[in-house]
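What follows is a single structure, written as structure tokens, with notes after it.
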Amino acid sequence: MSIRQIQRVKKDVREQGEKAVIHKLKGRTSNHHINQSIKGAILRVVKEQYHDFKPGFATEKLEELHGVKISDETMRLWMIQEGLWKSHPQKKIKFRSWRPRKESFGELQQFDGSYHDWFEGRYQDEKGNSVETCLLAAIDDSTGSITQVIFSRNEGVKAVFQFWLSYIHKHGKPLSIYLDKFSTYKINHKAAADNKELMTQFERATMDLGILLITAHSPQAKGRVERLFLTLQDRLIKELRLAHIDNPENANIFLEQVFIPQFNHRFSVNPSKEGNLHHQLTEFDKKNINRIFSIQSIRRVQNDFTIHFKNNWYQLSEVQPTTIRPKETILVEEWLDETIHFSLKGYYLNYVLLPQRPQKAKNTPLILTTHKLNWKPPADHPWRKLYKVRS
């Protein structure tokens, strides 16, 4: 207490005695007391619609949807009294060295996927069984803002490729991505420690784009995206319930148009340095974007110029953009539109899909070239001119 307060209390004690030190509101209703009828009406709404909400989230929805504004602490006390919320003791936190945020937007994106009952059993297949979904999310390390969230069936290569293809078209290429050691992102076999050339499809794609991948050794290392999923498993599930959304397609629209802007407005912070470090796609990237985000495999050309890939046989056409010989090693690209492309020396080869395995051919061509094999050069062709000069 200050000196002036002590002097005031001494004066009151001389005049009023011991009663002077008793709070004036003792035994009286608080000046900020909420009428019991209003309290009862609020609690009825909470019990009907927000019984499993956290106190802070419940107060947000009361103000947003019902125009009722009360403090988070008041709501917490009321919900405890009604048995809707239990107070939790503070957790013991193990010591971990703290890493400061990155300085600029786009410098580092933390990325992960989370399998959860996001639709509370409302998303079902034709047989009425609940369908499991995976939420892929990226959060900017410097601002804590959500940069991309998409519902997908799994955390496989195609789903991750579609996620980052959409991300790059929207924001550009981030400098680095922080993720875990899931098999989609990193080869975890012991032999990979000694063979640095072994890499996943995602590692190869990000290397082609010049994006640095950083793998975390523990969930706490990429704690920002881990905490994001804890928040989404609380808030997003209830938001989807209130919006009556029961499928990933509508949920993705809701995320893009409603949830992400509201979340970033409430929880994001300003970076320590202004500017955006995302790089836009180069002309080379744009030209090869389908090749970069493709699942690539290696196959050999058979003696009859057929290719066997995933239980299908493909016949190479007679005319090709480059010379092909039997036993050539070619690159097979599975694009995200589910089309198959064969690549050799930077050229895409012409082919047809065979209905069944081809029969062995008695006479097969030695090579395939850029023209038909029975092609004859015209009279003014350089070969013929050279022959005439020599003769």
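Per DSSP helix of 4 or more residues, -39500 (n - 2.57); summed, then divided by the residues of the chain. What does that give at 222 nm, rounded to the nearest 500? Can you show the working numbers first?
Numbers: 12 runs with 127 residues, N = 391.
-9500 deg cm²/dmol, from helical runs alone.
Using the Cβ atoms and a cut-off under 10 Å, what net charge is assigned to the surroundings of residue 280, where Lys and Arg are +1 and Asp and Glu are -1?
+1
Determine the relative contact order of the chain: mean sequence separation of Cα pairs under 8 Å and six or more apart, normalised by residue count, in whole percent.
13 percent
Give me the distance between the Cα centres of segment 235-261 and segment 97-133, rounded to whole Å.
Going from one Cα centre to the other spans 13 Å.
Using modelled backbone amide H atoms (1.01 Å from N, in-plane), which distant-in-sequence or interchain residues come within less than 5 Å of residue 147's amide H?
Distant-sequence amide H within range of residue 147: 138, 139, 140.
For segment 38-166, just the Cα set please: Rg and Dmax, both in angstrom.
In Å, with Rg to one decimal and Dmax whole: 19.8, 54.
If I compute Cα Rg over 2.2 N^0.38 Å from the structure I just sent, which labelled value in (1) 0.96; (2) 0.91; (3) 1.55 lines up?
The calculated read-out lines up with (3).
Name the lysines eligible as straight-distance cross-link partners of residue 286: C-alpha to C-alpha under 26 Å, and not fewer than 8 places from it in the same chain.
158, 170, 173, 186, 345
Between 0 and 90 degrees, rounded to the nearest ten: what's the tilt of helix 223-242 against the longest Cα principal axis of the chain?
With rounding to tens, the tilt is 80 degrees.
Hand me the tally of lysine pairs in segment 3-81: alpha carbons under 19 angstrom apart, and the pair either on different chains or 8 or more positions apart.
Total qualifying Lys-Lys pairs in segment 3-81 comes to 12.
Angle, helix 72-81 long axis vs. longest principal axis of the chain, Cα atoms, 0 to 90°, nearest 10?
80 degrees
Of 220, 302, 90, which is the most mobile in a GNM of the chain whose springs link Cα atoms less than 10 angstrom apart?
90
Projecting each Cα onto the charge dipole of the chain (Lys/Arg +1, Asp/Glu -1 at the beta carbon, about the Cα centre), which of 211, 118, 268 comes out farthest on the positive side?
211
Could you order peptides 105-113, 119-127, 168-176 by the average number of other Cβ atoms within 10 Å of their residues, highest first?
Averaged packing, sorted descending, gives the order 105-113, 168-176, 119-127.
Could you check which residue among 157, 45, 269 shows the biggest mean-square fluctuation in a GNM of the chain with a 10 Å Cα cutoff?
Between 157, 45, 269, it is 45 that shows the largest mean-square fluctuation.
Of 237, 367, 211, which has the largest mean-square fluctuation in a 10 Å C-alpha GNM of the chain?
In this elastic network of the chain, the residue with the biggest mean-square fluctuation among 237, 367, 211 is 367.
Each reported figure results from applying straightforward, stated rules to the coordinates on display, with no laboratory input. Computed from a predicted model, the values in this text were never measured in an experiment. Ideal geometry is used to build each Cβ from the backbone, glycine not excepted, and the neighbour counts take in all protein chains shown.
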